[in-house]
1. Within the range B:117-141, work out how many residues are touching a Pro at 6+ places or on another chain (Cβ under 8 Å) and either modelled with pLDDT under 95 or assigned to a loop (DSSP other than H, G, I, E, B) (or both).
2. Determine whether the range A:34-48 contains at least one residue that is under 16 Å from A:MET184 (Cβ atoms), part of a strand (DSSP E or B) and modelled with pLDDT of 95 or more.
3. Before we move on, is A:ASP180 charged (D, E, K, R) and either over 22 Å from the mean Cα position of the chain (by Cα) or under 23 Å from A:GLY115 (Cα atoms) (or both)?
4. State all residues of the range B:219-270 that are farther than 21 Å from B:THR175 by Cβ and of a type in the set (Phe, Trp, Tyr); if no residue qualifies, say none.
5. Answer yes if at least one residue in the range A:229-237 is within 27 Å of A:ALA158 (Cβ to Cβ) and surrounded by 15 or more Cβ atoms within 10 Å (Cβ to Cβ), and no otherwise.
6. Is it true that B:VAL85 is touching a Phe, Trp or Tyr at 6+ places or on another chain (Cβ under 7 Å) and either away from chain A (no Cβ under 14 Å) or among the hydroxyl-bearing types (Ser, Thr, Tyr) (or both)?
7. Name every residue in the range A:73-105 that is in a strand (DSSP E or B) and touching a residue at least 40 places away in the same chain (Cβ under 8 Å), in order of residue number.
8. Only one of these conditions is not met by A:MET41: (1) over 16 Å from A:MET98 (Cα atoms); (2) within 12 Å of another protein chain (Cβ to nearest Cβ); (3) hydrophobic (A, V, I, L, M, F, W, C). Which number is it?
Protein chains: 2
Amino acid sequence: MLTISEPRQMQRWSARERGQGRRIAFVPTMGFLHEGHLELMREGKRRAEALVVSIYVNPTQFNQAEDLAKYPRDLAGDLAKCASVGCDVVYTPSDREMYPPGYRTYVNVEGLTAGLCGASRPGHFRGVATIVTKLFNAVQPDVALFGQKDFQQLAVLARMTRDLDLPVKIVGCPTVREPDGLAMSSRNARLSPAARLQAPCLYRALTHVCESARAGERDGTKLIAEARRIIEAAGPCRVDYLELVDAEELTPVAFLGDRPAQLALAVWIGEVRLIDNLGVWEGKR
Amino acid sequence: MLTISEPRQMQRWSARERGQGRRIAFVPTMGFLHEGHLELMREGKRRAEALVVSIYVNPTQFNQAEDLAKYPRDLAGDLAKCASVGCDVVYTPSDREMYPPGYRTYVNVEGLTAGLCGASRPGHFRGVATIVTKLFNAVQPDVALFGQKDFQQLAVLARMTRDLDLPVKIVGCPTVREPDGLAMSSRNARLSPAARLQAPCLYRALTHVCESARAGERDGTKLIAEARRIIEAAGPCRVDYLELVDAEELTPVAFLGDRPAQLALAVWIGEVRLIDNLGVWEGKR
């Protein structure tokens, strides 16, 4: 397994691979890898001959310096995990290479980034779209894999890839969960024992709404209220957002109808902000 | 010579070329080709084995619908000119392919786009940066050639290419001029006979400032005033901007000093807005 930290060197490696007819799968990460990331990598291995994983904690997608500073890191552990699934290259660019002095170019996906996580984290998706464009340009992948846990991110990046004619296939993979339903996330490591016990309430709320919708409840306001009750009953927390949205357009859904709907949430439990989502309605076909 | 109008097809052609070890030179244009474009193409032929020219009048870089509607077009003539210099592919995407319904992704180069043409044409460089990113992603060139006449555009695109790690070498080529000094431009076709006679005053003003600087004048305000006198003496016109700027940062230069300086201008003569520029000072080395 190679470690590459310079964009030009990454491009040369990829050009050589592609010149030999090998397709490249790419999993961009911010490190502190968990089973969710490893599942993306395994899926990448199934879809292409070569696998590149990037590990880069991207400063432009953090809107709070404190959150950036607290983001957990473990490069040695991450490299071992990448090797264990047969990764070919780990791309680990430095801040200096990614954002050199005078840096001033940003990619914006307008509209899709205004609500949900975009509302409480201004600039976040501009940072995500920009770094993913840069990583794609360095890695030149045929296919890139993202977790459905970051549902809005996946929608933004799918739209960006289509809009900018990037020659990359975007694949969203199912959220990997702990046995009690908590979505895997690098941030889970920062939960206190009490918060960790409380956190599965998010998935319980999502699955409850799914069942409620199946049982005939179509009213978005009522479904959201049910989810909120379950979350707030589990212990002290602060709901950042809890929304029923169109699965593609991310616009609010007042009543379940023809189109698929997603329940998406972000909740602070202790000092950690957790996000999760579930497709609660497939739409009428 | 092939004509390709679909991004995926363009990507497939380029992938095949590059798979055979052929480098690709790219000249993006809005058509109505003149000798300036042909010079870019010839330079492209010298730098790579294959030459792609795009012809696309990009709506998102026009801030006035009227200017877009009036932009001259001549596809048949353009194709003949491309063939005459040995172009391999003419890429002619449609508006529907470039900006399909729901399109919402834009590339912004912050700062560099605020002054000069950016000030009088809001959104112009956002449109330019976005379409060039899209064209690069479709054509996958090794080298792309741009005229120095569009001096701010060249600075913006060079910065964007570096910032986004696009694997493309950006080459700026000298402005090609009519015998009387008027910079070649597709817009020249819209000048009335009287305006055409008046228009060379722009280049006269630029070369005058260059000589004045060489003769010892360092004061930006005085140099600009000299240029303005020459332009206004030539006939009725409206100066949009006339600025002495740092050749890389595009920031105003009060006195000629260590760094290279460029005199840049945009002037309305009759109903046509003409731009031009000249490196009037090389800086002290």
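1. Going through the range B:117-141 one residue at a time, the tally reaches 1.
2. No, that holds for no residue.
3. Values: charged (D, E, K, R): yes; either over 22 Å from the mean Cα position of the chain (by Cα) or under 23 Å from A:GLY115 (Cα atoms) (or both): no.
No, not satisfied.
4. Selection gives B:PHE255 alone.
5. No, the range A:229-237 contains no residue that is within 27 Å of A:ALA158 (Cβ to Cβ) and surrounded by 15 or more Cβ atoms within 10 Å (Cβ to Cβ).
6. The answer is no for B:VAL85.
7. Result: A:VAL89, A:VAL90, A:TYR91.
8. (2)
The values are calculated or read from the model by the stated rules, or taken from the named source; none is laboratory data. Computed from a prediction, not measured in an experiment: that's the story for all the values here. Positions of Cβ are generated from backbone atoms using ideal geometry, with glycine treated the same way; all protein chains shown enter the neighbour counts.
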